[in-house]
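The numbers here are math on the coordinates, done by the rules we state, and not lab data. Source: prediction; values computed, not measured. All Cβ positions, even for glycine, are placed from backbone atoms using ideal geometry, and neighbour counts span all protein chains on display.
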Amino acid sequence: MNPFQMTPNAIINEIHEFNGKLAKGFNTLSNLDEINVGVSEKEAVYSEDKLVLYHFKARTKKQNSVPLLIVYALVNRPYMADLQDGRSMIQGLLDEGLDVYLIDWGYPDSADKFLTLDDYINGYINQCVDVICERHNRKNINMLGICQGGAFSLCYTALHQEKVKNLITTVTPVDFHTSDDLLSRMTRNIDVDQVVDTMGNISGDTLNMAFLSLKPYSLMGQKYVDLVNILDDEEKTMNFMRMEKWIFDSPDQAGEAYREFIKQFYQENGLVKGTVKIGNDIVDLAKIKIPVLNIYAMHDHLVPPDSSKALEGCVGSKDYESLEFPGGHIGIYVSGKAQKMIPPAVAKWIEKRT
């Protein structure tokens, strides 16, 4: 009902009802257990600096013979892909018989401010691939990149194609200058040299506020009003708190890598132009000839669909498929619909090419 059309009694009743929900909510919040995330059993098989490479325990007797490495973004934490039982992309992939590894980038500090994209892609990712190949006595693996990790995976594959058998990208930005890319517009005119020279590493909290400001009403206001309506349900409240924990668990960004990524990808749109330079090498996506599956989200406010779909015109693979998920940037990993759609599709696509 329009608040301007409500009678005084109706307003008083609504306020009373709201206060009642808050009172019940305080009781629910006080009884919540510790907020646990990352549900799938795993072990650390390699570490270097802040990085840890995890191997997940199998959930099926039969497994695909080619291991799958998940490359996450540097922003936020990778447990988004393994948030909770029944809402975990990793759990779904394991249930489909895939042998899953994951790179956890950790929390960079001042000792890491000079790390470059070369260190991340030709250094850390390449070392993790070599470790997995040695463990399985293989020359190549499957790779799945998430968001910025997808961009890293594209760069890695273009430079080390002999080590990647099949490539899957999910909500991955490729064309950073599409008309509906709000994050790109926000970033293009930043004097990134001055920012990095002044701050060194880039605060994760600062970046997180920038992401939230793209949809301020829904991400910083309305969701907390809506929270009141579920506070009497402990399970729904715990789900909300898990998401809040992930949203605000934001690692700082290594300064030099951040400088390079903003300049070459966001400001120069170098990934589609073929001008991105990693170390001494130019990234040419046309060199990617292996099978590629590109998954994007229809309602993604961080990586617009057109940004991801541009990949088809850039890679040289004759075996290219795309999959549209009817949801948003986060829903593609945690929604019930995603659990039924994404892991089975990925597993089926990989199985055909094993």
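Here the Karplus relation 6.51 cos²θ - 1.76 cosθ + 1.60, evaluated at θ = phi - 60°, turns the backbone of the range 45-58 into coupling constants of 10, 6, 9, 7, 6, 8, 6, 10, 9, 9, 10, 8, 5, 4 Hz, with x for every Gly and Pro. Put simply, the amide H of Ile70, placed in the peptide plane, has neighbours under 5 Å in Tyr101, Leu102, Ile103, Leu144, leaving out anything fewer than 5 places away on its chain.
Close amide H partners of Ser322, meaning residues 5 or more places away or on another chain with modelled amide H under 5 Å apart, are Asn294. Residues whose amide H falls under 5 Å from that of Asp252, counting only those 5 or more places apart or on a different chain, are Gly204, with hydrogens built in the peptide plane. For Lys61, the aspartates and glutamates whose Cα falls under 19 Å of its own Cα, not counting residues fewer than eight places away in the same chain, are Glu41, Glu43, Asp95, Glu96, Asp99, Glu351. For the pair Lys287 and Arg138, label points projected 7 Å from Cα toward Cβ lie 2.2 nm apart.
For the range 286-329, just say rounded, prolate or oblate: build the C-alpha gyration tensor, square-root its eigenvalues into a ≥ b ≥ c, call rounded for a/c under 1.5, and beyond that prolate if a/b exceeds b/c, oblate if not. Since a/c reaches 1.5 and a/b is larger than b/c, the shape of the range 286-329 is classed as prolate.
Compared with the alpha-carbon gap, the fully stretched path from Lys337 to Val45 is longer by 101.9 nm at 0.36 nm per residue.
Placing a label point 7 Å from the Cα of Leu182 along the Cα-to-Cβ direction, the residues of the range 192-208 with a backbone N closer than 20 Å are 205-208. Excluding residues fewer than 8 places away in the same chain, name every one of the aspartates and glutamates whose C-alpha is closer than 15 Å to that of Lys289. Straight-line reach from Lys289, under 15 Å: Glu162, Glu312, Asp319, Glu321. Along the range 343-354 the Karplus relation, 6.51 cos²θ - 1.76 cosθ + 1.60 evaluated at θ = phi - 60°, assigns HN-Hα couplings of x, x, 5, 5, 4, 5, 5, 5, 4, 5, 10, 8 Hz to successive residues, with x for each Gly and Pro.
For the range 30-139, the set of GluC sites (Glu not before Pro) satisfying both a DSSP loop assignment and a count of at most 15 other C-beta atoms within 10 Å is given as Glu34, Glu41.
The slack between Ser322 and Gln127, meaning 0.36 nm per residue of separation minus the straight C-alpha distance, is 67.3 nm.
Please work out whether the range 250-354 counts as rounded, prolate or oblate from its C-alpha gyration tensor, where a ≥ b ≥ c are the square roots of the eigenvalues and a/c under 1.5 means rounded, while otherwise a/b larger than b/c means prolate and anything else oblate?
oblate
The calculated FRET efficiency for Ala111 paired with Asp191, based on their beta-carbon distance and R0 = 25 Å, is about 0.50. What the phi angles of the range 60-75 give under the Karplus curve with 6.51, -1.76 and 1.60, with θ = phi - 60°, is a coupling list of 9, 6, 9, 10, 4, 6, 9, x, 10, 9, 9, 10, 8, 6, 6, 8 Hz, glycine and proline written as x. Does the range 65-167 come out rounded, prolate or oblate, given a ≥ b ≥ c as the square roots of the eigenvalues of its C-alpha gyration tensor, rounded meaning a/c under 1.5 and, failing that, prolate meaning a/b above b/c? Oblate.
Restricting the range 284-354 to trypsin sites (Lys or Arg not before Pro) that sit in a DSSP loop and have at most 14 other Cβ atoms within 10 Å of their own Cβ leaves Lys289, Lys318, Arg353.
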